[in-house]
Every structure is written in C-alpha cells, then in structure tokens.
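Can you keep this structure in mind? I'll have questions shortly.
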Amino acid sequence: MPAFIRILVFFIASVLLSVAWADKPPRFVVGVEYLEYYPQYSYDPKQGHRGAHKAILDLFAEEKGYRFEYKALPVNQLFHAFIQQKLDFKYPDNVLWNAKGKSQVKVYYSERVLEFTDGIMVLKSRYGFGLGKLKTLGIPKGFTPTGYTDSVQRNEILLQEGDALKDVLGMLLIGQVDGAYVNKSVANYQLAYKYKMAGRAVFDDTLPFIKDAYRLSSIKYPEVIKEFNDFLHNNQISIVAIKKEYGVL
C-alpha cells in the first residue's frame, strides 16, 4: 500500500475514533451510602441502588447527557473516599455533617434535594418520657446524633451502633435501647413494610429533632453542581411527582 494511502487511512481512522469518543457521555462516579434507607435512598446487594434520590439524579443525568455510576460504601469509608477526591460526587450530604473533617477542602453543595426529619423513635408506651429517661440510643454506624452529642459526651446517653437501620429498629423493638436515632419517614416505612409493626414505635417530637435536607456535593465539579441547581429549579413538577411516588413529601 502506498505511503500516502496508509497516511490517509490512519487519518480517517483517527477522525472516526475522535468522533466516537466525543459521542460518549461524560461519566461521573457518585458515592452513595451502603445502607438500606428506603424510600429516601438505599443500597443492598439484592436490589442494588434505589430510592427517590436516584430517580431525581438519573433524571438530571438524562437531561444533561451525563452517565452516573453509583458506588456504594459504608458511611465512614464514603466520607474518606470523598474527601480524598476518589469520587466525583457524594449523596447524601449536608454542610452540618462532619464539618471538621471537611475543613481542609472546599466542598460545593447543591440546593435541597430531599427534605428529612431526623430524631428519636421510641416505643409507643415511652412517648413523651423526656430527655432524662433516654439512657441508651441506637444509631446506624457512622451517623452523628445531631442534638444529642453533648449528652453523649457527658455519658448521659450511651450509643449502641447497628450496621443497618433494621438492626437499630430491631434493638428498639425488643427493648435493648430506649430510643433509635433515625429518619422519620424511613423508620415509618421500615416498621410498616419490613416489620409489619406500624404504630408499635413512634417518632417522639417532644425530644430534640432536626429538619433539614439532603444535598448533592462535589469537590471537583462545582459547575455540575450549578447545573444541578438549575435543574432543581426548572423541573419542580417532575421532582414533586417523584417525591409523591416514593412517599417522601
């Protein structure tokens, strides 16, 4: 084959390869918690990654032509992988979570994705007993009991960690702990559909609780966080429909 033809073939092949690469959607790795926290967010080996947040993030990726790959890690490992920038994004996140551990990096947060109420679930018979009667508290491993850290540091409340939310609720239902630090909507869902014990335990709103929102965060891609914020503003009807479908309104 003459040299100029070989050069031409090589040039055409290079152009075609460049076009093929250009057609590939940008790929991002989103770190998520290896935790069954449905319907808000959830990962387990049998059902994979699911929840209201995934439906919203997937809708955003489809609109922008992005490809999200979800990587599930235990809560503490997820935080360290994110801070070490081994992940492109983290969900869920919140500016209040582990603020000291984030002090050496600039973290960009999205606007509110899904609202949450975190606090104490107690057996129905113990509702309204007050903070002084809360001596043992079940909590998922890696979580911080916002509103109770001072009591924990003074040894007024003893924490008992569980690997999963079902472990924490199990401890509560058998009376091993006085209360369980949980997400209200998630705990009610789990009690109703996993344990078939709706109403056996209730959210004690006479104890400290926090209302806030889960957010998407990134260290590496603030411009995508801005795009996501625009998406949240411009797709309210679709997002409300997703929240209704998953029961997280």
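The values are calculated or read from the model by the stated rules, or taken from the named source; none is laboratory data. Being a predicted model, the structure only gives us computed values, none of them experimental. Glycine also receives a Cβ, built like all others from the backbone with ideal geometry; neighbour counts cover every protein chain displayed. Heavy atoms of the whole protein, side chains included, go into the accessibility calculation; ligands, DNA and RNA do not. Shrake-Rupley method; radii C 1.70, N 1.55, O 1.52, S 1.80 Å.
Filter region 172-189 down to the residues that are within 25 Å of Ala72 (Cα to Cα) and out of contact with any helix residue (DSSP H, G or I) (no Cβ under 6 Å at 6 or more places or on another chain) and list them by number.
Tyr181, Val182, Asn183, Lys184, Ser185, Val186, Ala187, Asn188, Tyr189
Still on this structure, please answer the following. What's the total number of residues in region 129-157 that are assigned to a helix (DSSP H, G or I), in contact with a Pro (Cβ under 9 Å, 6 or more places away or on another chain) and of a type outside the set (Val, Ile, Thr)?
Residues that pass the stated criteria total 2.
Considering only region 134-155, how many residues are of a type in the set (A, V, I, L, M, F, W, C), open to solvent by 10 Å² or more (accessible area, probe 1.4 Å) and more than 19 Å from Ser185 (Cα to Cα)?
Residues in region 134-155 being of a type in the set (A, V, I, L, M, F, W, C), open to solvent by 10 Å² or more (accessible area, probe 1.4 Å) and more than 19 Å from Ser185 (Cα to Cα): 1 in total.
Exactly one condition in (1) among the hydroxyl-bearing types (Ser, Thr, Tyr); (2) modelled with pLDDT under 90; (3) open to solvent by 70 Å² or more (accessible area, probe 1.4 Å) is not met by Tyr34; state its number.
Condition not satisfied by Tyr34: (2).
Check Ala192, Ala213 and return the single one that is within 30 Å of Gly101 (Cα to Cα) and outside any loop (DSSP other than H, G, I, E, B).
Sole residue among the options that is within 30 Å of Gly101 (Cα to Cα) and outside any loop (DSSP other than H, G, I, E, B): Ala213.
Right, here's the next one. Which one is farthest from Ser218 (Cα to Cα), of the residues in region 39-69 that are of a type in the set (A, V, I, L, M) and open to solvent by less than 10 Å² (accessible area, probe 1.4 Å)?
Ala52
Strands (runs of 3 or more DSSP E) wholly in region 20-72 with at least 1 residues that are β-branched (Val, Ile, Thr) - which ones?
Those strands (runs of 3 or more DSSP E) span 27-33.
Kindly indicate which of Leu165, Leu172 is of a type in the set (A, V, I, L, M) and farther than 25 Å from Tyr91 by Cα.
It is Leu172.
Looking for whichever is touching a residue at least 60 places away in the same chain (Cβ under 8 Å) and open to solvent by 10 Å² or more (accessible area, probe 1.4 Å) here; the options are Leu165, Leu158, Leu131, Leu173. Which one fits?
Within the list Leu165, Leu158, Leu131, Leu173, the selection yields Leu131.
Another question, then. Looking at region 176-185, which of its residues are within 17 Å of Lys135 (Cα to Cα) and open to solvent by less than 50 Å² (accessible area, probe 1.4 Å)?
Answer for region 176-185, where residues must be within 17 Å of Lys135 (Cα to Cα) and open to solvent by less than 50 Å² (accessible area, probe 1.4 Å): Val177, Asp178, Gly179, Ala180, Tyr181, Val182.
A further question on this structure: Among the candidates Gly142, Gly101, single out the residue that is modelled with pLDDT under 95, among the small types (Gly, Ala, Ser) and in contact with a Phe, Trp or Tyr (Cβ under 7 Å, 6 or more places away or on another chain).
Going through Gly142, Gly101 in turn, the sole match is Gly101.
On the given criteria, is Ala72 modelled with pLDDT of 95 or more, open to solvent by less than 30 Å² (accessible area, probe 1.4 Å) and farther than 19 Å from Lys166 by Cβ?
No.
Go through (1) over 29 Å from Tyr189 (Cβ atoms); (2) assigned to a strand (DSSP E or B) for Lys86 and report which single condition fails.
Checking Lys86 against (1) over 29 Å from Tyr189 (Cβ atoms); (2) assigned to a strand (DSSP E or B), the one that fails is (2).
Filter region 95-128 down to the residues that are open to solvent by 80 Å² or more (accessible area, probe 1.4 Å) and in a strand (DSSP E or B) and list them by number.
Matches in region 95-128: Tyr108 only.
Here is a further query. Of all residues in region 213-242 being without any contact (Cβ under 8 Å) to a residue 40 or more places away in the chain and charged (D, E, K, R), which is least open to solvent (accessible area, probe 1.4 Å)?
Result: Asp230.
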